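So the structure is just underneath, and the comments pick up after that.
The values are calculated or read from the model by the stated rules, or taken from the named source; none is laboratory data. Remember, predicted model here, so these are calculated numbers, not experimental data. Positions of Cβ are generated from backbone atoms using ideal geometry, with glycine treated the same way; all protein chains shown enter the neighbour counts. Each accessible area value is taken on the protein alone, full model and side chains, heavy atoms only, with ligands, DNA and RNA left out. Shrake-Rupley method; radii C 1.70, N 1.55, O 1.52, S 1.80 Å.
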Amino acid sequence: MALAVRVLSGAYHDSVKLMRISAAASEKAHVRGAAALMGTPMNLEQLAASGLLAEEAKGAGPNDLVLAVDAATPETAQEELTVMEAALTAPRTGGGAGPLADLSAPTLDAALGEDPAINLALFSIPGPSVRREAERALSKGLHCLIFSDNVSIEDEVALKRMGRERGLLVMGPDCGTAHIGGVGLGFCNVVRPGGIGVAGAAGTGIQEAMAAVDASGGGISCALGTGGRDVTDAVGALAMVQAIETLNEDAATEVLLVLGKPPEPAAMRKVLDAAAQCGKPAVVHFVGGLSEDIRKLPGLHAADSLAEAGRLAVSLSGGRMDTAAFEIDSKARARIAEWSRTRPKSRRSLRGVYTGGTLCAEAQAIVGKTLDGIRSNAPLDKAGGEMGDHLKSQGHCVVDMGDDLFTRGKPHPMIDPTPRSTRIVQEARDPETAVVLFDVVLGLGAHEDPAGEAARAIEESSSPGVLFIASVTGTGGDPQGLKAQRAGLAEAGVLVADTHAGACLSAAEALRETLDR
């Protein structure tokens, strides 16, 4: 193999674009590894750990772009570097929303000079630089969506307070999903317009609920992500409360849908007070939280899953409240019963392998009602729910492959499913594994064929004694094709549920069979 590196001084590009370029190069058969990233100390560490840090890159700084390729021959490595560099300036597309204007403005002032109507800035830059740049955007009257992570709590609080003082939203940091003005931002599904407004401290949680809204015939007026840390007491739900107030004032929003993992106590009170005081029906769902506490508050409606929350919001927008509880259909029950009769008795463990952090949490909440002792690298139960070794599962485990441990210097698994596919193979080959539960998330920003990647991993695992169960979070408008993605998984022998909650219930039923034997 041959390693080639190219350093482009002062050539900044956002991390999402660099992730895509890295993923596209890495997928090629003649390439062992590839990376496109800024020369920050952390990124150089990642290059070294991956064997991609050549001598030419060791002096790179945070404002330098490093392209690295390990290929079959020196010639192919250099050719791939040229392809990657060309991709930096290739015209962008909007993932189904039509071509995007490729603004080459070098500064914020220049961009506003070209289009004074711009009112939102999206940040995908190193965390330590976010506060300075976001403060500049806020001072110019721009709402901010901060995709970046590794932003300090102090900076997050300062930015959100500054935004509120100026009547501007600060979504994030670590905000992966939003839908504003009919445009999906970050990882977002293609949805029809309608009267449901979403405020969510959860990326894939928003997506799962929006997919349920779409499947129930409803539409989205707006979806505002806050970043998961917003609902800690340290941040105090600053963005969540402001998002609820914004949606309440929005004439197009008829019903509010408030989502997230359980807020900390002081933040919870602020969120529920804001939702209860708005004049519109509000559905509130916190994954793993107590629905009964929410139902006690006037004007609030609780749901027991993300998908049920979406369906209930559509029902309320029509003046009804007639959603039915999720159940396992007869075909799924028959499939589980057939598998149980032939399952090797040594296979008794659940292994969940997730690209979505909120869906990973929902799996713990739903399956945990049947099965004790589920552990995770992102545990709902902070006291005792942590995995001992995040790289190797023991007993019942669900793993969030989007966690920082797995994504430092690498594309998110919704962009590049390779690490998740590798983990599926690893879990399926473990002789203790009975059920592999996983998610497939479609939409703008996601891989073009995530179900196909998962199906190939299942075939590679060669584990006939394992029951694979999955959900596909998406809509009929998503570029990957919802029906085709579900069909591809079914052809690979996967038990495919209509919703993630349904997949979790099927996994719980299958695991109940292992407990009974």
Strands (runs of 3 or more DSSP E) within segment 1-96 that include 3 or more residues open to solvent by less than 70 Å² (accessible area, probe 1.4 Å) and within 20 Å of His447 (Cβ to Cβ): 31-38
Let me confirm something: among Leu224, Leu185, which residue is touching a strand residue (DSSP E or B) at 6+ places or on another chain (Cβ under 6 Å) and open to solvent by 30 Å² or more (accessible area, probe 1.4 Å)? Leu185
Would you point out which residue out of Ala309, Ala267, Ala275 is closer than 22 Å to Gly356 by Cα, open to solvent by less than 20 Å² (accessible area, probe 1.4 Å) and in a helix (DSSP H, G or I)? Ala309
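Scan segment 168-182 and tell me whether some residue there is assigned by TED's automatic domain parsing to the domain that holds Leu306, among the β-branched types (Val, Ile, Thr) and assigned to a loop (DSSP other than H, G, I, E, B).
Of segment 168-182, the ones assigned by TED's automatic domain parsing to the domain that holds Leu306 are 168-182.
Still in the list and also among the β-branched types (Val, Ile, Thr): 170, 177, 180.
Next, from what is left, pick out any that are assigned to a loop (DSSP other than H, G, I, E, B): none.
No; the residues of segment 168-182 include none that is assigned by TED's automatic domain parsing to the domain that holds Leu306, among the β-branched types (Val, Ile, Thr) and assigned to a loop (DSSP other than H, G, I, E, B).
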Look at Ala251 and say whether it is open to solvent by 80 Å² or more (accessible area, probe 1.4 Å), modelled with pLDDT of 95 or more, of a type outside the set (Asp, Glu) and not assigned by TED's automatic domain parsing to the domain that holds Gly368. yes
Taking segment 144-166 and keeping residues closer than 15 Å to Asp230 by Cβ and either of a type in the set (Ser, Thr, Tyr) or not in a helix (DSSP H, G or I) (or both) leaves Cys144, Leu145, Ile146, Phe147, Ser148, Asp149, Val151, Ser152
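Every residue, every condition in (1) under 21 Å from Val255 (Cβ atoms); (2) modelled with pLDDT under 95, yes or no:
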residue: Ala276; (1), (2): yes, yes
residue: Gly289; (1), (2): yes, yes
residue: Arg295; (1), (2): yes, yes
residue: Leu300; (1), (2): yes, yes
residue: Gly310; (1), (2): yes, no
residue: Asp322; (1), (2): yes, yes
residue: Thr342; (1), (2): no, yes
residue: Leu350; (1), (2): no, no
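Considering only residues that are farther than 29 Å from Gly184 by Cα and either of a type in the set (S, T, N, Q) or open to solvent by 10 Å² or more (accessible area, probe 1.4 Å) (or both), look in segment 469-498 and name the one that is nearest to the chain's Cα centre (by Cα). Show your work before the answer.
Step one: list which residues in segment 469-498 are farther than 29 Å from Gly184 by Cα, which gives 491-495.
Still in the list and also either of a type in the set (S, T, N, Q) or open to solvent by 10 Å² or more (accessible area, probe 1.4 Å) (or both): 491-493, 495.
Values: Glu491: 25, Ala492: 24, Gly493: 25, Leu495: 22 Å.
Applying the filter and picking the extreme gives Leu495.
Among the residues of segment 227-248, which ones are over 23 Å from Asp400 (Cβ atoms) and surrounded by 24 or more Cβ atoms within 10 Å (Cβ to Cβ)?
Residues of segment 227-248 over 23 Å from Asp400 (Cβ atoms): 236, 238, 241-248.
If the condition is that a residue be over 23 Å from Asp400 (Cβ atoms) and surrounded by 24 or more Cβ atoms within 10 Å (Cβ to Cβ), then Ala243, Ile244, Leu247 are the ones that fit.
Regarding Pro106, is this residue open to solvent by 20 Å² or more (accessible area, probe 1.4 Å), modelled with pLDDT of 80 or more and part of a loop (DSSP other than H, G, I, E, B)? Spell out the reasoning first.
On the way: open to solvent by 20 Å² or more (accessible area, probe 1.4 Å): yes; modelled with pLDDT of 80 or more: no; part of a loop (DSSP other than H, G, I, E, B): yes.
Judged against the criteria, Pro106 is not a match.
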Within segment 148-162, is even one residue in contact (Cβ under 8 Å) with a residue 24 or more places away in the chain, open to solvent by 50 Å² or more (accessible area, probe 1.4 Å) and either under 24 Å from Leu442 (Cα atoms) or of a type in the set (Val, Ile, Thr) (or both)? yes
